[in-house]
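The values are calculated or read from the model by the stated rules, or taken from the named source; none is laboratory data. Note that the structure is predicted; figures quoted are calculated from it, not measured. Neighbour counts are summed over all protein chains in view; Cβ atoms, including those assigned to glycine, are modelled from backbone coordinates with ideal geometry.
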């Protein structure tokens, strides 16, 4: 069980870094999440001063959704016996 906690530690650190990127440069967080068209739209939204806050919120939601998908895949992989 302790090894499993150590394995998840880099994922938590990576998610924290992605959330920081999502707040500072929302389009880059979407681009790193392999969502190219959303990144382009987000960059256009971010170029307007009023669009920065919605773009940052949107990017944080996408990063959290990607984290949740990875966790679900890991649970399914564990249940199937790898």
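Odds and ends about this structure:
- When residues of the stretch 17-34 are limited to those that are in a loop (DSSP other than H, G, I, E, B) and crowded, with 17+ Cβ neighbours inside 10 Å, the one farthest from the chain's Cα centre (by Cα): 25
- Selection within the stretch 36-65 - buried (at least 17 other Cβ atoms within 10 Å of the Cβ) and within 16 Å of the chain's Cα centre (by Cα): 38, 39, 42, 55, 56, 58, 59, 60, 62, 63
- Here residue 82 meets each of (1) part of a helix (DSSP H, G or I); (2) modelled with pLDDT under 85 with one exception, condition (1).
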